[in-house]
Every structure is written in structure tokens, then in C-alpha cells.
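Remarks on the structure that follows.
Values quoted throughout were computed directly from the atomic coordinates according to the rules given, and no laboratory measurement underlies them. These numbers were taken from a predicted model, which means no experiment stands behind them. Backbone-built Cβ (ideal geometry, glycine too); neighbour counts: all protein chains shown.
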Ligand SMILES: [Ca+2]
Ligand SMILES: [Ca+2]
Ligand SMILES: [Ca+2]
């Protein structure tokens, strides 16, 4: 039931992502809004964990209880369209593979929710520059590992 709901959510989100300007900053902004369940302009760890459980259910298409590399890459995190538009698909895929490998703490080839939570807790602590237990949009955009990886992968070649 929950799974079906989340798959529907993923489809429902797709058009709004495409309607946005293809700008990594806008995508990070829309991701922030999705995680910020109480819309108070800041993310706390409880919001992040709720979002990650929903995301894991949506990603885990074969219902194995974990996400493998293909499921993780297929999810795309909203940046795939930008990567395509900029001809940076290979870079973006490499960045995503690196993030996946870091998340896959026991090297099993699958990321469990527990591993995802461990990664997100570390990323959250790192991003929380003023250590107040919440992330501002700026802390999230500029310091979260996944946003750093995506922005670097999608940056125009100078
Ligand atoms: Ca919040
Ligand atoms: Ca694993
Ligand atoms: Ca903070």
C-alpha cells in the first residue's frame, strides 16, 4: 500500500521537476521543500529519516528490502534531465556510483535503509555548519554530500 503510494508520488513529482528550469540550484531547492515536511524552512533529522524511508520504498522496485546500483541510478534524484541537457550523463553517473559505494557500507552491492540512514546522518552532521541540529537551505545546497557531488558533476566544463 505504502509502496504503491510512493511510486505514485514519484510519478507525480516528475512533471514538476521537468517544468522547472533545468538548473541544479532549482532542483536542490525543490528537494529541500520535499524533505521539509513541516515547511518551516529548515530540515531536521526526523524529516530526513522519514523522507529516506519513503525514498527507499520508491527506489526498491523488486522489493528486496534494499536498493541495488541499478535501482539507485534509475532514481536519478531529479538531476538526470540536467545531466542529459548538458551532455554530462557519464559524469553524473560516476558521481552517483561514488555516492552509492559510500552508502553501501558493508560492500554488499545493495544499500539498506540502515546504511542510507547512516550515510544521511553523517551528511547531515557535516552539512550542519552551525551545529544547531537543523539544516538551512544554504547548508543543504552548499554542503550536503549529494548536492556537492551533483553540482560538481553537472558543472559546465570551463
Ligand atoms: Ca522542517
Ligand atoms: Ca550494503
Ligand atoms: Ca544548521
Between residue 70 and residue 114, what length comes free when the chain is fully extended (0.36 nm per residue of separation minus the Cα-Cα distance, one decimal in nm)? 14.0 nm
Among 108, 80, 53, which one shows the highest mean-square fluctuation when the chain is modelled as a Gaussian network with alpha-carbon springs under 10 Å? 108
From the gyration tensor of the Cα coordinates in region 2-154, what semi-axes in whole Å does the equivalent ellipsoid have, largest first, with each one equal to sqrt(5λ)? 20, 19, 17
Please give, to one decimal in nm, the separation of the simple spin-label points placed at residue 40 and residue 102, each 7 Å out from Cα toward the Cβ. 2.8 nm
Using only helices, what value at 222 nm comes out for the chain when you add -39,500 (n - 2.57) per DSSP H run of length 4 or more and divide by the total residues, to the nearest 500 deg cm²/dmol? -20500 deg cm²/dmol
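Please arrange 88, 50 by counting, for each residue, the other beta carbons lying within 10 Å of its beta carbon, fewest first.
50, 88
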Tell me the relative contact order for region 2-154 as a rounded percent, counting alpha carbon contacts under 8 Å between residues six or more apart. 27 percent
Cut-off 10 angstrom, C-alpha nodes, Gaussian network model of the chain. Which of 61, 135, 73 fluctuates the most? 61
I need 64, 58 ordered by Cβ neighbour count within 10 Å, fewest first. 64, 58
